[in-house]
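Notes follow once the structure below has been shown.
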Amino acid sequence: MKNLLLEGYGFACCCLPPALLFFARRSERSSRGRRALFALFLCYLGAVFSITGAGTLYDLIARNFALSFYQSNLTPFASPFLSSGYLLNILLFVPLGLLAVLLWPGRGCTAAAVGCGFFFSLAIECSQLYNNRFTDLDDLTANTLGALVGALVALAVQKLLFRRRPAARPPLSPALYLTAAFLGRFLLFAELRAAGWLYGF
C-alpha cells in the first residue's frame, strides 16, 4: 500500500501540471476520444518517469549540486544496435511519437514528435547525472528513433482511418505538455522525503 502511495505521488507530480494545461483550454478537450487519448498520454508519461528515474531538484540538493559524469557513456553507438537494451529504449519512446501525432495532427506533426522525443529524452538523461542513474548517449539516440517509429505508425493509422489527414487543431504544442510534466516532477517530487514520511526513517 505504501509503495502504491509513493508511486501515486510521483505520478501526480508529473501528470497534474500537463492535465491542468489541457483542461484549461476548451479546444484541447474537444471530444471524448481526445480526452481518452490524453489520459493515455498522461499514464505513459507517469510510466516513463517511473522507469527512467529522472532526477529532481531534491536529488540535486542532496548531492550539493554535484554531477556524476563518471556514471555516463558519452560515446555514440557504444552499445550494439540490436542489443536488448537498445531495443527496449526504442520501444519505450514509440508511444510518445504515436500519441503526439494522434493528439496533435497536422502539418509538421512528425518532425514535432521526433523533436519532442529527442528533447524529452535529453532532459531525462541530463537529469540522471545527479541521481546515481546511468546517463547514456545511446539511450538518447534509441529514444529518438523510437519516437520516429511511433510517429510513422500513427501516420499509417491515420491514412487507414481517414481519407484525408486530419486538419491541424489550434492546440498547445506537445513540447509544452512534456515540459510541464518534467518540471512538475523536477520541482515537486521529493522521493526520499516522502519515503521517510511513509516508512518512518
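With the requirement that a residue be over 20 Å from Ala54 (Cβ atoms) and touching a helix residue (DSSP H, G or I) at 6+ places or on another chain (Cβ under 6 Å), what does the range 79-111 give you?
Correct list: Ser79, Leu98, Val101, Leu102, Leu103, Trp104, Cys109, Thr110.
Inspect the range 13-31 for any residue being among the hydrophobic types (A, V, I, L, M, F, W, C), closer than 15 Å to Leu96 by Cα and surrounded by fewer than 16 Cβ atoms within 10 Å (Cβ to Cβ) and give the result as yes or no.
Checking the range 13-31: not a single residue is among the hydrophobic types (A, V, I, L, M, F, W, C), closer than 15 Å to Leu96 by Cα and surrounded by fewer than 16 Cβ atoms within 10 Å (Cβ to Cβ).
Kindly establish whether Asp138 is of a type in the set (D, E, K, R) and out of contact with any Leu (no Cβ under 9 Å at 6 or more places or on another chain).
Here the answer is yes, as Asp138 does meet what is asked.
Tell me which residues, restricted to the range 20-57, are over 20 Å from Val94 (Cβ atoms), of a type in the set (Gly, Ala, Ser) and in contact with a helix residue (DSSP H, G or I) (Cβ under 6 Å, 6 or more places away or on another chain).
Across the range 20-57, the qualifying residue is only Gly55.
Look at the range 32-57 and say how many of its residues are surrounded by 13 or more Cβ atoms within 10 Å (Cβ to Cβ), among the charged types (D, E, K, R) and free of Cβ contacts under 8 Å to residues at least 40 places away in the same chain.
1
Each row is one residue, and each column tells you yes or no for (1) at pLDDT below 90; (2) charged (D, E, K, R); (3) open to solvent by less than 20 Å² (accessible area, probe 1.4 Å); (4) out of contact with any Pro (no Cβ under 7 Å at 6 or more places or on another chain).
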{"position": "Gln128", "(1), (2), (3), (4)": "no, no, yes, yes"}
{"position": "Leu148", "(1), (2), (3), (4)": "no, no, no, yes"}
{"position": "Lys159", "(1), (2), (3), (4)": "yes, yes, no, yes"}
{"position": "Ala168", "(1), (2), (3), (4)": "yes, no, no, no"}
{"position": "Ala175", "(1), (2), (3), (4)": "no, no, no, yes"}
{"position": "Gly184", "(1), (2), (3), (4)": "no, no, yes, no"}
{"position": "Arg193", "(1), (2), (3), (4)": "yes, yes, no, yes"}
{"position": "Gly200", "(1), (2), (3), (4)": "yes, no, no, yes"}
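The values are calculated or read from the model by the stated rules, or taken from the named source; none is laboratory data. Keep in mind it's a predicted model, so treat the numbers as computed, not measured. Cβ atoms come from the backbone with ideal geometry, glycine included; neighbour counts cover every protein chain shown. Accessible surface is based on the protein model in full, side chains and every heavy atom, while ligands, DNA and RNA are left aside. Shrake-Rupley method; radii C 1.70, N 1.55, O 1.52, S 1.80 Å.
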